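None of the figures in this text is laboratory data; all of them are computed from the coordinates on show. Keep in mind it's a predicted model, so treat the numbers as computed, not measured. No Cβ is skipped: glycine too gets one built from the backbone with ideal geometry, and neighbour counts run over all protein chains shown.
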Protein chains: 2
Amino acid sequence: MRQKRKGRPTNTSRRERISPLTVARLSLYLRHLEELAAQGQSMVSSRQLGDALGLTDVQVRKDLASFGQFGRPGVGYEVNGLVRRLREIFGTERVWDVAVVGVGSIGRALLAFKGLVKKGFHVAAAFDKDPRKIGKRVSGVLVRPMTELAVTVRRKGIRLAVLAVPASAAQEAAEDLCQAGIKGILNFSPVRLNLPDHVAVVPVDLAAKLQQLNYFIGPPKSRQG
Amino acid sequence: MRQKRKGRPTNTSRRERISPLTVARLSLYLRHLEELAAQGQSMVSSRQLGDALGLTDVQVRKDLASFGQFGRPGVGYEVNGLVRRLREIFGTERVWDVAVVGVGSIGRALLAFKGLVKKGFHVAAAFDKDPRKIGKRVSGVLVRPMTELAVTVRRKGIRLAVLAVPASAAQEAAEDLCQAGIKGILNFSPVRLNLPDHVAVVPVDLAAKLQQLNYFIGPPKSRQG
DNA sequence: TAATGTGAACATTTTCACAGCA
DNA sequence: TGCTGTGAAAATGTTCACATTA
């Protein structure tokens, strides 16, 4: 019932839905596999991968099995093959241009962040509405006025944006991004964006994460009751 | 006690475990409720809250019910009361000191981030191992050498840290933090930290989030099918 | 023996349906 | 009627047990 073993059914371009939690873990796998590849390791078992990332071996196999048969029983997974396949899934065999909107401290940090390129992303344009910033270069990227957003995004074919403006300006800027044809927004502003469904938004709320961390730590060790 | 109306079971200090996904949403509720309070709104329904945050009304009620009975049937929830209760849950009726380790671009962004104070966090100390940074002030905070970490953390009673050092230095710095008695780490380094269980770690991997966003957007819209 | 892949059991989370209060 | 609170159903996610392949 299954195909020959050599011709492996990798359901390559079939976009059957991978669960979001699995997708989140796939980027962990990719990160670690890239490290292993850099160290010259050519095979890896689900156990090794899981141990390195704090997951069970079964979880790793289930996740990897969600997009095709890759492993060789008794042997493990081929590192380079998996890296290729995961990049294909994330669409990062190529490099994607990203726009940064808001060149405050967070925007600046992203412009300076070298790690992005290795992962397949390149900050290709930056926007701000502060006239004092416009025309300057930050980490080598020219800061443009918001009025040039649509034109620049279209000309460069940018589909991803990072939104790092103050809360009060976020919704409006997000709508500008939509108008410009952006497909996905990584949102650092502590605001829920109200946008059409065809635009994907991933929120990143640092203060909220600290609150949650504080909850899980619990009350101060009641030293005296 | 405060049972004024019908004895309402608010299980105030009972720390029965709230599920992690609920906790994540509780910070969303708190954020929005604080806004409503600032606007002078005194009551809110689960429906209104849900609409504002992209959740169903049932989800909101289930979440709020997970730590006591708060709503008044036919009326809704009292905004200020909920704000107080949520702050109590997150432990943020008081302000907590936070240490930032690594004063690169991300560390700097956090030092400059005003939003933290409003949420109950104050960056009280910064550390780096680069001698050129040590002794300088960044956003008003003195940068100290890593060798002073333990002493400073203990003296100031700091229990939360943000780790923003390069991947290669992350594990070692994290161990230093543990030694110093830190209880929770917000980890910006793209590395899984291997630490004792009693230290809580919340990872924040920006490149990974972009990858996931790219996955959900899917392949470039093949314009002619 | 050392691995993968997977159905079935289990656990968690979300949604539904509705009882009951104001 | 408008709203909360909640048991039960449905959906989603994780772990277990084991067949299978190298």
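Could you pull out the pairs from A:133/B:133; A:119/A:209; A:118/B:156; A:156/B:114; B:129/B:183; A:156/A:209 whose alpha carbons sit more than 29 Å apart here?
A:118/B:156; A:156/B:114; A:156/A:209
Give the average, rounded to an integer, of partner chain Cβ atoms located within 10 angstrom of each Cβ in A:201-207. Intermediate results must be reported in sequence, preceding the final value.
Values: counts 3, 5, 2, 3, 7, 11, 12.
Taking the mean over all residues of the peptide, I get 6.
Can you pull a Stokes-Einstein diffusion coefficient for region B:96-209 at 4 °C (1.567 mPa s), Rh from Kirkwood over Cα pairs, as a whole number of µm²/s? Present the calculation step by step, with values, prior to reporting the outcome.
Details: Rh = 13.9 Å.
Once the numbers are plugged in, D ends up at 93 µm²/s.
May I ask you to report, in nm to one decimal and beginning with the shortest, the distances from residue A:157 to the same position in the other copies, taking label points 7 Å along Cα-to-Cβ?
5.8
How high is the relative contact order of region A:96-209, given as a whole-number percent (alpha carbon pairs under 8 Å, six or more residues apart)? Walk me through the numbers on the way to the answer.
Details: 211 pairs, mean separation 27.2, N = 114.
This gives 24 percent for region A:96-209.
Over the alpha carbons of chain A, what is the largest minus smallest coordinate on each principal axis, giving the biggest first in Å?
Its Cα atoms span 63, 62, 35 Å along the three principal axes.
How far apart, in nanometres, would the label points at residue B:70 and residue A:56 be if each is projected 7 angstrom from Cα along the Cα-to-Cβ direction?
Here the answer is 3.4 nm between the modelled labels.
Can you give the Kirkwood hydrodynamic radius of region A:20-89 from its Cα pairs, in Å with one decimal?
Details: mean 1/r = 0.0848 Å⁻¹.
Every distinct Cα pair counted, the radius reaches 11.8 Å.
With both partners inside region B:96-209, how many of the DSSP beta bridges are antiparallel, as a percent to the nearest 5?
Among the beta bridges of region B:96-209, antiparallel pairing accounts for roughly 10 percent.
Sorting B:122, B:32 on the 10 Å Cβ count, fewest up front, what's the list? Write out the running numbers ahead of the final one.
Working: B:122 12, B:32 18.
Sorted ascending by nearby Cβ count, the order is B:122, B:32.
If a/c stays under 1.5 just call it rounded; otherwise compare a/b with b/c (prolate if a/b is bigger, oblate if not). Do that for region A:150-225, with a ≥ b ≥ c from the square roots of the Cα gyration tensor eigenvalues. Don't skip to the answer; put the middle values down first.
Details: a/c = 3.79, a/b = 3.45, b/c = 1.10.
Note, shape of region A:150-225 comes out prolate.
At residue A:179 and residue B:80, where each label point lies 7 Å from the Cα along Cα→Cβ, what is the point-to-point distance in nanometres?
Calculated label separation equals 4.1 nm.
Pairs of Cα atoms under 8 Å, at least six residues apart: use those to get the relative contact order of chain A, whole percent.
Details: 300 pairs, mean separation 28.4, N = 225.
Over chain A, the number comes to 13 percent.
Starting from the eigenvalues of the Cα gyration tensor, five times each then square-rooted, give me the equivalent ellipsoid semi-axes of the protein assembly as shown, largest first, whole Å.
After scaling each eigenvalue by five and taking roots: 35, 27, 27 Å.
What is the dipole size for region B:19-121, taken about its Cα centre, with +1 at each Lys and Arg Cβ and -1 at each Asp and Glu Cβ, in debye to the nearest 20?
Working: 14 positive and 9 negative charges, 23 e Å.
Computed charge dipole of region B:19-121: roughly 100 debye.
I need the inter-copy label distances for residue B:57: point set 7 Å along Cα to C-beta, values in nm with one decimal, smallest first.
Its label point is 5.1 nm from the equivalent points in the other copies.
To the nearest 0.05, how large is the calculated FRET efficiency for residue B:37 and residue B:156 if R₀ is 22 Å and r is the Cβ-Cβ distance? Let's see the in-between values first.
Numbers: r = 30 Å, r/R0 = 1.38.
The calculated FRET efficiency here is 0.15.
Using a 7 Å offset from Cα along the direction of the beta-carbon, what are the separations from residue A:202 to the same position in each other copy, nm, ascending?
Distances to the matching label points in the other copies: 1.8 nm.
Provide the percentage of antiparallel DSSP beta bridges, counting only those with both residues in the protein assembly as shown; round to the nearest 5.
20
Rounded, prolate or oblate: which fits region A:31-151, taking a ≥ b ≥ c as square roots of the Cα gyration tensor eigenvalues, rounded meaning a/c under 1.5, else prolate when a/b beats b/c? Before the final figure, lay out each step's value.
On the way: a/c = 3.35, a/b = 3.00, b/c = 1.11.
Prolate shape, in that a/c is at least 1.5 and a/b is the bigger ratio.
Quick one: order B:34, B:16, B:148 by neighbouring beta-carbon count within 10 Å, fewest to most.
Numbers: B:34 18, B:16 7, B:148 15.
The fewest-first ordering by Cβ neighbours comes to B:16, B:148, B:34.
Report, ordered by chain and residue number, the aspartates and glutamates lying within cross-link reach of residue A:136, taken as a straight Cα distance under 19 Å and ignoring same-chain residues fewer than 8 apart.
A:128, A:148
Just tell me how shielded A:100-110 is by partners: mean number of partner chain Cβ atoms within 10 Å of each residue's Cβ, no decimals. Can you show the working numbers first?
Details: counts 0, 0, 0, 0, 3, 10, 8, 1, 5, 11, 4.
Average neighbour count from other chains, rounded to a whole number: 4.
What is the distance in Å between the Cα centroid of region B:78-144 and that of region A:89-167?
One Cα centre to the other: 26 Å.
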